[in-house]
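Peer 1: The structure that follows is given in the form of structure tokens.
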Amino acid sequence: MRQTQKLSLAASQRLTVMGRMRMADWIEMPERDFAREIAKLEKDPLFQKLYFGNGRIPGAFRRQRWPGGRLSGSFYEIDERTAAGSGERVGVEEFAQTRGPALAAIKRMGQKDFERYFLHGEDSLTLEEIGRRTNLSAEEVRSIHELVVELGARAEFETTTEAPTASPGRQAACLAQISLTGGVPSFEFYAPYWARGLYQVRHDLLDRWKDGGLSPVERKHLPGLLKRLETFNLRQSTLYRLLEMVARLQVDFLKSELAVDVRPISLRQLAKRLDLAPSTVSRAFARRSVQLPSLREMPLIAFVPGRRCVLRELLG
């Protein structure tokens, strides 16, 4: 019996380590690759069924916004060329043909309706009902949803930033612009999937779907889909917690943007505050940046310079 318990404990520990390793890979994954995973998830027929509902049973999947996050106004300034993410004529023309009408529809409906019905999905509505409220067909509604998840993987959401520990020209994804309101940081995210926040599952509605709204094949597929949502949420919430924490800790620097106001915080100290491994924080900050209130871009790793780096900067 004791031997069995030891084996069970060892197996559990291995699973925990394996889980951490997989999550570390997700956290380290470049933003464009993660955006493609989001697109695959949200184009899954079962996800769409459980998100939009069918008129008889409301959608069981919702969105939970970040408390201090919103979509950057620059999103509404993109055109077909920048959204296509390629300077090649063929790529732009192909995008204009397939997604151009959806991009134009977003601009016609305005920011308020777009964010209500397409970005955040504040109401649990079917494709048809969203179309009725926005004067769009169900296919146009679906095309806009697909466009929104595709845009995060486009090149416009990546910039070239020189991080202190990276070689020149290393690609970094600029996640957001930090703003200060009353001394409290908030974030204007550039990619729609970041501005949307986390996935939320209404388990009471999910039970109704299980009881009479899913086929045997869909019920078999459901656990994997839910696990995917959980993984994506854990990845995003970890990154957001780190982003929020460094912004709060470095709020004096964000106000002045002077080196003298940078707090000497180390990766290890930040990891301890959030009960994370230092390696997780290091992976999270790699190849990611933000824009300061002045619009100057800064690698996330520069927010945790450590005492030696701060002294070197001040004395140098």
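The values are calculated or read from the model by the stated rules, or taken from the named source; none is laboratory data. Worth saying up front: this structure is predicted, and the values here are computed from it rather than measured. A quick note on method: Cβ atoms are made from the backbone with ideal geometry, for glycine too, and the neighbour counts reach across all protein chains shown.
Peer 1: Of the residues SER282, SER237, which single one is in contact with a strand residue (DSSP E or B) (Cβ under 8 Å, 6 or more places away or on another chain), within 24 Å of ARG32 (Cβ to Cβ) and not aromatic (Phe, Trp, Tyr)?
Peer 2: On the way: SER282 fails: in contact with a strand residue (DSSP E or B) (Cβ under 8 Å, 6 or more places away or on another chain).
So the residue among SER282, SER237 that is in contact with a strand residue (DSSP E or B) (Cβ under 8 Å, 6 or more places away or on another chain), within 24 Å of ARG32 (Cβ to Cβ) and not aromatic (Phe, Trp, Tyr) is SER237.
Peer 1: On the given criteria, is PRO293 under 23 Å from the mean Cα position of the chain (by Cα) and either at pLDDT below 90 or closer than 18 Å to VAL251 by Cβ (or both)?
Peer 2: Numbers: under 23 Å from the mean Cα position of the chain (by Cα): yes; either at pLDDT below 90 or closer than 18 Å to VAL251 by Cβ (or both): yes.
So PRO293 passes the test.
Peer 1: Also, quick follow-up: Just one of the numbered conditions (1) free of Cβ contacts under 8 Å to residues at least 12 places away in the same chain; (2) touching a Cys at 6+ places or on another chain (Cβ under 7 Å) is not true of ASP204; which one?
Peer 2: So the condition that ASP204 fails would be (2).
Peer 1: If I go through the stretch 20-59 residue by residue, how many of them are in contact with a Leu (Cβ under 8 Å, 6 or more places away or on another chain) and modelled with pLDDT under 90?
Peer 2: Residues in the stretch 20-59 being in contact with a Leu (Cβ under 8 Å, 6 or more places away or on another chain) and modelled with pLDDT under 90: 1 in total.
Peer 1: Hey, does the stretch 112-122 have a residue that's more than 30 Å from ILE178 (Cα to Cα), in contact with a Phe, Trp or Tyr (Cβ under 9 Å, 6 or more places away or on another chain) and at pLDDT 90 or above?
Peer 2: We begin by selecting, within the stretch 112-122, every residue more than 30 Å from ILE178 (Cα to Cα); these are none.
Scanning the stretch 112-122, I find no residue that is more than 30 Å from ILE178 (Cα to Cα), in contact with a Phe, Trp or Tyr (Cβ under 9 Å, 6 or more places away or on another chain) and at pLDDT 90 or above, so the answer is no.
Peer 1: Out of the residues in the stretch 34-77 that are free of Cβ contacts under 8 Å to residues at least 40 places away in the same chain and over 26 Å from ALA104 (Cβ atoms), state the one that is farthest from the chain's Cα centre (by Cα).
Peer 2: Out of the qualifying residues, it is PRO45.
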